[in-house]
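Accompanying notes for the structure given below.
The values are calculated or read from the model by the stated rules, or taken from the named source; none is laboratory data. Keep in mind it's a predicted model, so treat the numbers as computed, not measured. We place every Cβ from the backbone using ideal geometry, glycine too, and count neighbours over all the protein chains shown.
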Amino acid sequence: MTNINAQELVVSTAGLTKKYRSGTVALDNVSISVQRGQIYGLLGQNGAGKTTLMRLLLGLSRPTAGTGVVLGASLGDSVATVCVGSLIEYPAFYPSLTGERNLRLLASYCGVDNTAVARVLDVVGLGDRARSRFGSYSLGMKQRIGIAAALLGDPELLILDEPTNGLDPQAIAQTRELLVTLKEMGRTIVLSSHLLGEVQLVVDHVGILANGALLYEGSLNELQKKTQGVEGRTVLVIRVTPIETALDVLSKESSVYDVRALEGGQIELSTTGAVGEIVRQLVLAGVSVADVSEQVGTLEDVFLTMTSGGKVSAEAKE
């Protein structure tokens with residue numbers, strides 16, 4: 001495996017832009033940084049620019065503008081790409097050949113010793129199915145064979161495009177465990193996904209893309225803080241009657257923000273004040289408060305807020 005200084009960035013881009021002849025801007029001024037040993041999650045809906053960015057990092061496409069460095073070499077430099085393993089979109093192998101035979105052919109083509117095949121099959125948990133035909137594998141097993149292929153050259157960096165896409169819950173869990181194992185083995189991983197709940201369980205840092213633009217990049221902890229919109233605010237859901245009076249009261253409270261009515265007589269709001277004081281003001285106004293719950297945000301909440309042009313999105317760009 002390539003020995004990278006622990007303080008060195010494995011991936012770094014500055015102002016990376018990709019514009020097609022049709023005028024479509026697939027990436028717009030994207031700058032990301034990936035440290036050695038991280039699992040970095042690229043989040044975004046379909047068409048956000050995730051695959052385009054990965055293709056640029058792999059040298060499969062050229063940027064219209066901007067620069068990038070992968071493993072100390074400029075984008076497209078063969079010195080870097082031989083040290084990178086990748087799985088872009090669906091893994092394609094000969095369905096009539098065994099998983100082992102497919103990997104041996106690929107190893108031969110890439111100049112990798114055949115002894116690596118058994119090793120990577122064991123790493124991805126398919127050593128006992130090595131001699132089964134690829135066409136007989138489940139979708140999850142096919143994805144793991146694709147990751148095994150990416151590991152053949154013992155790369156420092158893995159770039160995986162939607163590795164859990166289309167998998168059932170059990171296969172997703174197995175893939176998640178594999179990613180954690182690979183990190184423990186010293187790999188740096190850049191993965192893309194729109195399955196935000198799964199990303200939340202494995203990544204260290206995230207970059208959120210929408211319409212080709214990077215809306216946020218940073219640690220998972222910092223991103224999770226943004227589930228409350230602004231640090232120091234609490235998000236509440238209150239079930240009240242009558243809702244019209246409650247909305248009027250809350251709109252006048254200086255410590256209450258982002259009030260909106262939900263179904264079932266519920267109101268969502270964020271506040272910097274004491275929950276008890278908000279409830280007291282509602283009761284004094286003749287509002288019946290049936291239930292108060294504090295909301296724990298997830299990456300899904302942040303993603304939806306950012307990509308819908310919400311308040312968090314504006315702050316995340318700063």
Could you give every pair whose Cβ atoms fall below 9 Å, whose first residue belongs to the stretch 159-175 and is at negative phi, and whose second residue is among the aromatic types (F, W, Y), counting only separations of at least 6 or pairs across chains? N165/Y90
Between a residue in the stretch 8-21 that is in the same structural domain as A65 (by TED's automatic domain parsing) and among the aromatic types (F, W, Y) and any residue that is at pLDDT 95 or above and assigned to a strand (DSSP E or B), which pairs come within a Cβ distance under 7 Å, given they are 6 or more apart or on different chains? Y20/A26
Filter pass, Y94 being more than 29 Å from the chain's Cα centre (by Cα), assigned by TED's automatic domain parsing to the domain that holds R55 and assigned to a loop (DSSP other than H, G, I, E, B): yes
Being loosely packed, with under 15 Cβ neighbours inside 10 Å, touching a helix residue (DSSP H, G or I) at 6+ places or on another chain (Cβ under 8 Å) and modelled with pLDDT of 90 or more is the filter here; which residues of the stretch 220-278 pass it? A261
State whether the residues of the stretch 294-316 include one that is of a type outside the set (A, V, I, L, M, F, W, C), at pLDDT 90 or above and surrounded by fewer than 13 Cβ atoms within 10 Å (Cβ to Cβ). no
Select from the stretch 175-198 the residues that are β-branched (V, I, T) and out of contact with any Leu (no Cβ under 8 Å at 6 or more places or on another chain) and write down the one among them that is farthest from V123 (Cα to Cα). V180
Give just the number: which of (1) surrounded by fewer than 17 Cβ atoms within 10 Å (Cβ to Cβ); (2) part of a strand (DSSP E or B) does L42 not satisfy? (1)
Pull out all pairs, ordered by first then second residue, where Cβ-Cβ is under 6 Å, the residues are six or more apart or on different chains, the first lies in the stretch 47-72 and is touching a residue at least 12 places away in the same chain (Cβ under 8 Å), and the second is of a type in the set (S, T, Y) and in a loop (DSSP other than H, G, I, E, B). R55/S61
Go over the candidates L27, L103 one by one and state the one that is in a strand (DSSP E or B) and either assigned by TED's automatic domain parsing to the domain that holds L157 or under 29 Å from M185 (Cα atoms) (or both). L27
List pairs: first in the stretch 267-278 and of a type in the set (D, E), second assigned to a strand (DSSP E or B), Cβ under 6 Å, 6+ apart or cross-chain? E268/V237; E268/R260
Among what's in the stretch 176-201 and is closer than 26 Å to A149 by Cβ and either outside the structural domain of G41 (by TED's automatic domain parsing) or within 9 Å of the chain's Cα centre (by Cα) (or both), pick the residue that is surrounded by the most Cβ atoms within 10 Å (Cβ to Cβ). V190
When the stretch 117-146 is checked residue by residue, the ones that are in contact with a helix residue (DSSP H, G or I) (Cβ under 6 Å, 6 or more places away or on another chain), over 21 Å from I88 (Cα atoms) and hydrophobic (A, V, I, L, M, F, W, C) are A130
Can you tell me how many residues in the stretch 83-98 are touching a residue at least 40 places away in the same chain (Cβ under 8 Å), surrounded by 17 or more Cβ atoms within 10 Å (Cβ to Cβ) and over 13 Å from L152 (Cα atoms)? 3
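Would you pick out the residues in the stretch 262-278 that are farther than 13 Å from V237 by Cβ and out of contact with any Phe, Trp or Tyr (no Cβ under 9 Å at 6 or more places or on another chain)?
If the condition is that a residue be farther than 13 Å from V237 by Cβ and out of contact with any Phe, Trp or Tyr (no Cβ under 9 Å at 6 or more places or on another chain), then G273, A274, G276, E277 are the ones that fit.
Checking the conditions here, which among R101, R131, R144 is charged (D, E, K, R), over 24 Å from S33 (Cα atoms) and in contact with a Leu (Cβ under 9 Å, 6 or more places away or on another chain)?
R144
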